[in-house]
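What follows is one structure encoded as C-alpha coordinates, with my remarks underneath.
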Amino acid sequence: MSCENKIFKYAMFVRILAFETSCDDTAVAIVENGTRVLSNVRISQVEHEKWGGVVPEIAARLHAENWRGALERCLEEASLIVENIDILAVTQGPGLQTSLLTGTTAASFLSQFFQKPLIPVQHIRGHINSIILERNLEEIKYPVLVLTVSGGHTDMFFQTSSIDIEKLGGTLDDAAGEAFDKCAKMLGLGYPGGPIVSKEAEKGDPKKIRFPRPLLGKESLDFSFSGIKAAVYREVEKSGEILNQVQNDNKEKFIADVCASFQQAVVDVFVKKVVRALERYPEIKAVHFTGGVSANTAIREALEKLCIQNDIQFRVPSKFEYCTDNAAMIAAEAFLQYQKDPSIAKIQFVDCDSRLKVN
Ligand code: KG4
Ligand code: ZN
(Lines give C-alpha, C1' and ligand atoms only; values in the text may rest on other atoms or scores of the structure.)
(Ligands and ions follow the chains in the order given, each with its own letter.)
Protein backbone atom coordinates (compact mmCIF):
# COMPACT_ATOMS: atom_id res chain seq x y z
CA MET A 1 0.00 0.00 0.00
CA SER A 2 1.72 3.20 -1.14
CA CYS A 3 1.52 6.32 1.00
CA GLU A 4 2.35 8.74 -1.74
CA ASN A 5 -0.68 10.86 -1.01
CA LYS A 6 -1.50 14.52 -0.83
CA ILE A 7 -1.11 14.71 2.94
CA PHE A 8 2.60 13.96 2.73
CA LYS A 9 3.26 15.85 -0.48
CA TYR A 10 1.91 19.09 0.90
CA ALA A 11 2.58 18.67 4.62
CA MET A 12 4.67 21.38 6.30
CA PHE A 13 6.79 18.73 7.92
CA VAL A 14 7.20 14.98 8.02
CA ARG A 15 7.61 13.46 11.46
CA ILE A 16 9.52 10.18 11.46
CA LEU A 17 9.86 7.74 14.35
CA ALA A 18 12.88 5.47 13.87
CA PHE A 19 14.29 2.32 15.49
CA GLU A 20 17.95 1.29 15.50
CA THR A 21 18.97 -2.10 16.92
CA SER A 22 21.85 -3.19 14.69
CA CYS A 23 24.28 -3.97 17.50
CA ASP A 24 24.06 -3.45 21.26
CA ASP A 25 22.09 -0.22 21.66
CA THR A 26 18.30 -0.10 21.63
CA ALA A 27 17.60 3.31 20.12
CA VAL A 28 14.38 5.13 19.23
CA ALA A 29 14.11 8.72 17.97
CA ILE A 30 11.61 11.17 16.52
CA VAL A 31 12.89 13.65 13.93
CA GLU A 32 11.04 16.27 11.88
CA ASN A 33 12.09 16.80 8.26
CA GLY A 34 15.29 14.84 8.78
CA THR A 35 16.96 17.54 10.84
CA ARG A 36 14.92 18.62 13.87
CA VAL A 37 15.37 16.06 16.64
CA LEU A 38 12.35 15.95 18.98
CA SER A 39 13.70 13.07 21.06
CA ASN A 40 16.61 10.67 20.85
CA VAL A 41 16.58 7.78 23.31
CA ARG A 42 19.25 5.12 23.64
CA ILE A 43 19.35 2.23 26.06
CA SER A 44 22.90 0.86 26.19
CA GLN A 45 23.59 -2.73 27.17
CA VAL A 46 26.26 -2.71 29.86
CA GLU A 47 26.00 -6.53 30.20
CA HIS A 48 28.54 -6.97 27.38
CA GLU A 49 31.30 -5.25 29.36
CA LYS A 50 32.15 -8.35 31.34
CA TRP A 51 32.59 -10.36 28.12
CA GLY A 52 34.90 -7.75 26.57
CA GLY A 53 32.71 -7.48 23.47
CA VAL A 54 29.15 -7.82 22.22
CA VAL A 55 27.52 -11.26 22.68
CA PRO A 56 24.84 -11.46 19.91
CA GLU A 57 22.37 -13.68 21.84
CA ILE A 58 22.45 -11.38 24.88
CA ALA A 59 22.09 -8.30 22.65
CA ALA A 60 19.00 -9.71 20.91
CA ARG A 61 17.32 -10.69 24.18
CA LEU A 62 17.92 -7.23 25.65
CA HIS A 63 16.59 -5.48 22.53
CA ALA A 64 13.41 -7.57 22.82
CA GLU A 65 13.15 -6.58 26.47
CA ASN A 66 13.98 -2.88 26.02
CA TRP A 67 12.35 -1.68 22.80
CA ARG A 68 8.96 -0.93 24.28
CA GLY A 69 10.40 1.03 27.20
CA ALA A 70 12.63 2.98 24.80
CA LEU A 71 9.63 3.75 22.57
CA GLU A 72 7.52 4.95 25.49
CA ARG A 73 10.32 7.18 26.79
CA CYS A 74 10.90 8.60 23.31
CA LEU A 75 7.21 9.49 22.81
CA GLU A 76 6.99 10.94 26.30
CA GLU A 77 10.05 13.17 25.79
CA ALA A 78 8.56 14.51 22.56
CA SER A 79 5.08 14.81 24.17
CA LEU A 80 3.60 12.77 21.33
CA ILE A 81 1.64 9.55 20.78
CA VAL A 82 2.12 7.09 17.90
CA GLU A 83 -0.93 8.56 16.15
CA ASN A 84 1.03 11.86 15.76
CA ILE A 85 3.76 10.11 13.78
CA ASP A 86 3.68 10.25 9.95
CA ILE A 87 6.18 7.54 9.08
CA LEU A 88 8.12 4.78 10.86
CA ALA A 89 11.70 3.82 9.96
CA VAL A 90 13.95 0.98 10.99
CA THR A 91 17.55 -0.16 10.44
CA GLN A 92 17.41 -3.09 8.03
CA GLY A 93 21.17 -3.85 8.01
CA PRO A 94 24.08 -4.32 8.15
CA GLY A 95 24.63 -5.52 11.71
CA LEU A 96 24.06 -8.53 13.94
CA GLN A 97 21.28 -10.61 12.39
CA THR A 98 19.43 -11.34 15.62
CA SER A 99 19.71 -7.74 16.88
CA LEU A 100 18.40 -6.40 13.57
CA LEU A 101 15.57 -8.91 13.64
CA THR A 102 14.18 -7.61 16.94
CA GLY A 103 14.10 -4.05 15.54
CA THR A 104 12.56 -4.91 12.19
CA THR A 105 9.95 -7.14 13.88
CA ALA A 106 9.00 -4.43 16.39
CA ALA A 107 8.76 -1.73 13.70
CA SER A 108 6.84 -4.00 11.32
CA PHE A 109 4.38 -4.89 14.08
CA LEU A 110 3.79 -1.17 14.77
CA SER A 111 3.40 -0.49 11.05
CA GLN A 112 0.61 -3.09 10.82
CA PHE A 113 -1.03 -2.29 14.14
CA PHE A 114 -1.16 1.51 13.72
CA GLN A 115 -1.42 1.39 9.91
CA LYS A 116 1.66 3.59 9.56
CA PRO A 117 4.04 3.47 6.57
CA LEU A 118 7.49 2.03 7.32
CA ILE A 119 10.82 2.77 5.61
CA PRO A 120 13.78 0.33 5.82
CA VAL A 121 17.14 2.09 6.25
CA GLN A 122 20.75 1.09 5.57
CA HIS A 123 22.76 1.67 8.76
CA ILE A 124 25.94 3.12 7.18
CA ARG A 125 23.86 5.58 5.15
CA GLY A 126 22.40 6.62 8.49
CA HIS A 127 25.91 7.34 9.81
CA ILE A 128 26.84 9.20 6.60
CA ASN A 129 23.79 11.45 6.80
CA SER A 130 23.91 11.86 10.60
CA ILE A 131 25.70 15.07 9.62
CA ILE A 132 22.36 16.75 8.70
CA LEU A 133 20.91 16.41 12.22
CA GLU A 134 20.32 19.86 13.77
CA ARG A 135 21.82 21.48 10.65
CA ASN A 136 20.40 23.44 7.78
CA LEU A 137 20.34 21.21 4.68
CA GLU A 138 21.22 24.17 2.45
CA GLU A 139 24.49 24.64 4.30
CA ILE A 140 25.99 21.44 2.88
CA LYS A 141 27.57 21.78 -0.54
CA TYR A 142 28.55 18.67 -2.49
CA PRO A 143 30.68 16.78 -3.43
CA VAL A 144 31.78 15.71 0.03
CA LEU A 145 34.35 13.18 1.18
CA VAL A 146 32.84 11.08 3.97
CA LEU A 147 34.83 9.03 6.43
CA THR A 148 32.51 6.69 8.34
CA VAL A 149 34.36 4.90 11.10
CA SER A 150 32.75 2.65 13.68
CA GLY A 151 33.16 -0.66 15.49
CA GLY A 152 32.19 -2.57 12.37
CA HIS A 153 33.21 -0.27 9.51
CA THR A 154 35.97 1.99 8.24
CA ASP A 155 34.78 3.36 4.94
CA MET A 156 35.51 6.33 2.72
CA PHE A 157 32.80 7.65 0.39
CA PHE A 158 32.46 10.22 -2.38
CA GLN A 159 29.05 11.82 -1.85
CA THR A 160 27.65 13.96 -4.67
CA SER A 161 24.21 14.59 -3.13
CA SER A 162 22.48 13.55 0.07
CA ILE A 163 21.60 10.21 -1.53
CA ASP A 164 24.22 9.65 -4.25
CA ILE A 165 27.08 7.91 -2.54
CA GLU A 166 30.01 6.00 -4.03
CA LYS A 167 32.36 3.90 -1.91
CA LEU A 168 36.05 4.73 -2.46
CA GLY A 169 37.60 2.37 0.06
CA GLY A 170 37.02 0.25 3.13
CA THR A 171 38.87 -1.85 5.64
CA LEU A 172 40.47 -5.09 4.51
CA ASP A 173 40.46 -6.51 8.03
CA ASP A 174 39.60 -4.88 11.38
CA ALA A 175 37.55 -1.69 11.60
CA ALA A 176 39.27 1.18 13.42
CA GLY A 177 36.74 1.10 16.29
CA GLU A 178 37.32 -2.62 16.66
CA ALA A 179 41.08 -1.96 16.87
CA PHE A 180 40.43 0.60 19.65
CA ASP A 181 38.26 -2.00 21.44
CA LYS A 182 40.88 -4.75 21.11
CA CYS A 183 43.69 -2.44 22.21
CA ALA A 184 41.67 -1.66 25.37
CA LYS A 185 41.01 -5.36 25.95
CA MET A 186 44.72 -6.24 25.66
CA LEU A 187 45.54 -3.56 28.21
CA GLY A 188 42.88 -4.83 30.62
CA LEU A 189 40.72 -1.71 30.16
CA GLY A 190 36.92 -1.82 29.74
CA TYR A 191 34.51 -1.95 26.80
CA PRO A 192 33.85 -0.10 24.52
CA GLY A 193 37.55 0.67 24.23
CA GLY A 194 37.47 3.83 22.09
CA PRO A 195 36.53 6.37 24.75
CA ILE A 196 38.83 4.72 27.35
CA VAL A 197 41.85 4.49 25.04
CA SER A 198 41.45 8.11 23.95
CA LYS A 199 41.23 9.23 27.60
CA GLU A 200 44.36 7.24 28.52
CA ALA A 201 46.10 8.64 25.43
CA GLU A 202 45.80 12.18 26.84
CA LYS A 203 48.28 11.21 29.58
CA GLY A 204 50.74 9.35 27.34
CA ASP A 205 53.55 10.07 24.88
CA PRO A 206 52.39 9.53 21.27
CA LYS A 207 56.02 9.14 20.13
CA LYS A 208 57.00 6.55 22.74
CA ILE A 209 56.32 3.48 20.56
CA ARG A 210 56.49 3.55 16.77
CA PHE A 211 53.51 1.44 15.69
CA PRO A 212 53.13 0.66 11.94
CA ARG A 213 51.07 2.94 9.66
CA PRO A 214 49.78 0.52 6.99
CA LEU A 215 49.01 2.46 3.80
CA LEU A 216 48.62 -0.50 1.39
CA GLY A 217 50.76 0.93 -1.41
CA LYS A 218 50.82 4.39 -2.96
CA GLU A 219 47.33 4.52 -4.46
CA SER A 220 44.98 2.61 -2.18
CA LEU A 221 42.09 4.25 -0.36
CA ASP A 222 41.48 1.07 1.64
CA PHE A 223 42.44 0.59 5.27
CA SER A 224 44.04 -2.13 7.38
CA PHE A 225 44.29 -2.00 11.16
CA SER A 226 45.18 -5.60 12.02
CA GLY A 227 48.93 -4.85 11.79
CA ILE A 228 48.70 -2.02 14.34
CA LYS A 229 46.63 -4.28 16.60
CA ALA A 230 49.21 -7.10 16.33
CA ALA A 231 51.99 -4.62 17.15
CA VAL A 232 50.11 -3.55 20.30
CA TYR A 233 49.85 -7.24 21.24
CA ARG A 234 53.65 -7.69 20.81
CA GLU A 235 54.30 -4.60 22.95
CA VAL A 236 52.06 -5.97 25.70
CA GLU A 237 53.86 -9.37 25.52
CA LYS A 238 57.25 -7.66 25.68
CA SER A 239 56.27 -5.71 28.77
CA GLY A 240 56.26 -8.92 30.84
CA GLU A 241 54.12 -8.86 33.92
CA ILE A 242 53.58 -5.11 34.10
CA LEU A 243 49.83 -5.37 33.43
CA ASN A 244 49.38 -7.96 36.18
CA GLN A 245 50.87 -5.67 38.80
CA VAL A 246 48.70 -3.68 41.18
CA GLN A 247 48.19 -0.10 40.06
CA ASN A 248 51.51 1.80 40.13
CA ASP A 249 53.19 4.65 38.21
CA ASN A 250 55.05 2.34 35.79
CA LYS A 251 51.92 0.46 34.86
CA GLU A 252 49.93 3.68 34.42
CA LYS A 253 52.65 5.18 32.24
CA PHE A 254 52.93 2.04 30.11
CA ILE A 255 49.17 1.97 29.45
CA ALA A 256 49.03 5.70 28.66
CA ASP A 257 52.02 5.49 26.27
CA VAL A 258 50.64 2.47 24.41
CA CYS A 259 47.26 4.22 24.04
CA ALA A 260 48.81 7.51 22.88
CA SER A 261 51.15 5.78 20.39
CA PHE A 262 48.35 3.55 19.09
CA GLN A 263 46.01 6.53 18.65
CA GLN A 264 48.73 8.51 16.86
CA ALA A 265 49.25 5.66 14.38
CA VAL A 266 45.49 5.63 13.65
CA VAL A 267 45.44 9.45 13.28
CA ASP A 268 48.36 9.34 10.82
CA VAL A 269 46.69 6.67 8.68
CA PHE A 270 43.44 8.67 8.45
CA VAL A 271 45.26 11.89 7.60
CA LYS A 272 47.30 10.18 4.85
CA LYS A 273 44.23 8.54 3.31
CA VAL A 274 42.22 11.77 3.34
CA VAL A 275 45.16 13.61 1.71
CA ARG A 276 45.18 10.97 -1.04
CA ALA A 277 41.43 11.30 -1.61
CA LEU A 278 41.60 15.13 -1.74
CA GLU A 279 44.40 14.93 -4.32
CA ARG A 280 42.36 12.53 -6.44
CA TYR A 281 39.13 14.56 -6.18
CA PRO A 282 40.08 18.26 -6.05
CA GLU A 283 36.39 19.22 -6.47
CA ILE A 284 35.63 18.07 -2.89
CA LYS A 285 34.10 20.91 -0.86
CA ALA A 286 34.05 19.32 2.59
CA VAL A 287 35.16 16.35 4.67
CA HIS A 288 32.53 14.72 6.92
CA PHE A 289 33.74 12.46 9.71
CA THR A 290 30.96 10.22 11.12
CA GLY A 291 30.40 6.98 13.08
CA GLY A 292 31.37 6.04 16.64
CA VAL A 293 35.07 6.80 16.18
CA SER A 294 34.25 10.36 15.06
CA ALA A 295 33.79 11.07 18.78
CA ASN A 296 37.61 10.87 19.01
CA THR A 297 39.09 14.32 19.65
CA ALA A 298 42.62 13.60 18.37
CA ILE A 299 41.38 12.32 14.98
CA ARG A 300 38.88 15.20 14.74
CA GLU A 301 41.57 17.79 15.40
CA ALA A 302 43.99 16.31 12.87
CA LEU A 303 41.33 16.15 10.13
CA GLU A 304 40.07 19.64 10.91
CA LYS A 305 43.60 21.03 10.61
CA LEU A 306 43.99 19.29 7.26
CA CYS A 307 40.72 20.78 5.99
CA ILE A 308 41.71 24.28 7.10
CA GLN A 309 45.00 23.88 5.18
CA ASN A 310 43.00 22.84 2.10
CA ASP A 311 40.44 25.60 2.55
CA ILE A 312 37.48 23.23 2.70
CA GLN A 313 34.78 22.62 5.32
CA PHE A 314 35.14 20.01 8.02
CA ARG A 315 32.05 18.62 9.74
CA VAL A 316 31.35 16.06 12.44
CA PRO A 317 27.87 15.21 13.79
CA SER A 318 26.51 18.20 15.72
CA LYS A 319 26.39 16.23 19.02
CA PHE A 320 28.43 13.30 20.38
CA GLU A 321 25.23 11.28 20.68
CA TYR A 322 24.88 11.37 16.88
CA CYS A 323 28.38 9.86 16.37
CA THR A 324 27.74 6.49 17.97
CA ASP A 325 24.77 4.34 16.99
CA ASN A 326 21.51 6.26 17.35
CA ALA A 327 18.04 6.26 15.84
CA ALA A 328 17.97 9.98 14.93
CA MET A 329 20.36 9.29 12.04
CA ILE A 330 18.06 6.49 10.83
CA ALA A 331 15.14 8.96 10.78
CA ALA A 332 17.32 11.49 8.91
CA GLU A 333 18.25 8.98 6.24
CA ALA A 334 14.65 7.75 5.95
CA PHE A 335 13.53 11.35 5.36
CA LEU A 336 16.09 11.87 2.56
CA GLN A 337 15.04 8.61 0.88
CA TYR A 338 11.38 9.55 1.25
CA GLN A 339 11.99 12.96 -0.30
CA LYS A 340 13.50 11.28 -3.34
CA ASP A 341 10.81 8.63 -3.65
CA PRO A 342 7.70 8.85 -1.42
CA SER A 343 6.49 5.43 -2.64
CA ILE A 344 9.10 3.70 -0.43
CA ALA A 345 6.94 4.49 2.64
CA LYS A 346 4.56 1.52 2.85
CA ILE A 347 2.62 -0.36 5.50
CA GLN A 348 4.79 -3.43 5.38
CA PHE A 349 6.77 -6.17 7.05
CA VAL A 350 10.50 -5.39 6.70
CA ASP A 351 12.96 -8.28 6.63
CA CYS A 352 16.42 -7.62 8.06
CA ASP A 353 19.57 -8.13 6.00
CA SER A 354 22.80 -8.35 7.99
CA ARG A 355 24.93 -7.77 4.87
CA LEU A 356 23.01 -4.89 3.30
CA LYS A 357 25.33 -2.61 1.30
CA VAL A 358 25.27 1.19 0.85
CA ASN A 359 24.44 0.76 -2.86
O1 KG4 B 1 28.97 3.64 15.40
P2 KG4 B 1 29.11 2.84 16.63
O3 KG4 B 1 28.36 3.27 17.86
O4 KG4 B 1 28.70 1.34 16.39
C5 KG4 B 1 28.99 0.63 15.25
O6 KG4 B 1 28.24 0.77 14.25
O7 KG4 B 1 29.99 -0.12 15.31
O8 KG4 B 1 30.67 2.77 16.95
C9 KG4 B 1 31.15 2.13 18.09
C10 KG4 B 1 32.66 2.18 18.04
C11 KG4 B 1 33.31 1.33 19.13
O12 KG4 B 1 34.31 0.52 18.53
C13 KG4 B 1 33.92 2.38 20.06
O14 KG4 B 1 35.08 1.92 20.71
C15 KG4 B 1 34.23 3.51 19.09
O16 KG4 B 1 33.12 3.54 18.23
N17 KG4 B 1 34.38 4.81 19.77
C18 KG4 B 1 35.53 5.51 19.80
C19 KG4 B 1 35.29 6.65 20.62
N20 KG4 B 1 33.99 6.61 21.05
C21 KG4 B 1 33.45 5.47 20.51
N22 KG4 B 1 36.72 5.27 19.22
C23 KG4 B 1 37.72 6.15 19.45
N24 KG4 B 1 37.58 7.24 20.23
C25 KG4 B 1 36.39 7.54 20.83
N26 KG4 B 1 36.29 8.63 21.59
ZN1 ZN C 1 27.08 2.16 13.59
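The values are calculated or read from the model by the stated rules, or taken from the named source; none is laboratory data. Quick caveat: nothing in here was measured; it's all calculated off a predicted structure. Note: ideal-geometry Cβ built from the backbone for every residue, glycine included; neighbour counts use all protein chains shown. The protein model used for the area step is the full one, side chains on, heavy atoms only, and it has no ligands, DNA or RNA in it. Shrake-Rupley method; radii C 1.70, N 1.55, O 1.52, S 1.80 Å.
Some observations on this one:
- The stretch 223-359, accessible surface, carbon-and-sulfur percent (1.4 angstrom probe): 48
- With a threshold of 18 Å on the Cα-Cα distance, the over-threshold entries among Lys185/Lys272; Lys208/Lys238; Lys203/Lys253 are Lys185/Lys272.
- The heavy atoms of Lys285 present about 100 square angstrom of accessible area, all protein chains included, probe 1.4 Å.
- Computed in the context of the full set of protein chains, the accessible area of the stretch 40-161 at 1.4 Å probe radius has 54% of its extent on carbon or sulfur.
- Among the GluC sites (Glu not before Pro) within the stretch 172-275, those in coil by DSSP and having at most 12 neighbouring Cβ atoms inside 10 Å are Glu202, Glu219, Glu241.
- C-alpha long axis of helix 97-114 to longest principal axis of the chain, angle in °: 20
- Dipole of the stretch 9-139 [Lys/Arg +1, Asp/Glu -1 at C-beta], most positive-end residue of Leu100, Leu38, Leu118: Leu118
- Taking the DSSP beta bridges with both ends in the chain, the antiparallel portion is around 60 percent.
- The angle separating the long axis of helix 297-309 from the principal Cα axis of greatest extent in the chain is about 80 degrees.
- For Ser39, nonlocal amide neighbours, meaning residues 5 or more places apart or on other chains whose placed amide H falls under 5 Å from its own, are Ile30.
- Remark: the chain carries a charge dipole of roughly 600 debye about the Cα centre, counting +1 on each Lys and Arg Cβ and -1 on each Asp and Glu Cβ.
- More than 26 Å apart - percent of Cα-Cα pairs taken over the chain: 50
- More than 20 Å apart - percent of Cα-Cα pairs taken over the stretch 19-139: 43
- Counting only alpha carbon atoms, the long axis of helix 226-238 and the longest principal axis of the chain meet at about 40°.
- Dipole orientation for the chain: of the candidates Leu243, Ser220, Thr21, Ser220 has the Cα lying most toward the positive pole (charges on Cβ; Lys, Arg +1; Asp, Glu -1).
- For the stretch 1-155, the solvent-accessible area of protein heavy atoms averages 42 Å² per residue (probe radius 1.4 Å; ligands and nucleic acids excluded).
- A Cβ-based charge dipole, computed about the Cα centre of the stretch 191-288 with Lys and Arg at +1 and Asp and Glu at -1, lands at about 280 debye.
- Centroid-to-centroid, using Cα positions, the stretch 90-120 and the stretch 182-214 are 36 Å apart.
- Using the rule -39500 (n - 2.57) for each DSSP H run of four or more residues, divided by the residues of the chain, the 222 nm mean residue ellipticity is -13000 deg cm²/dmol.
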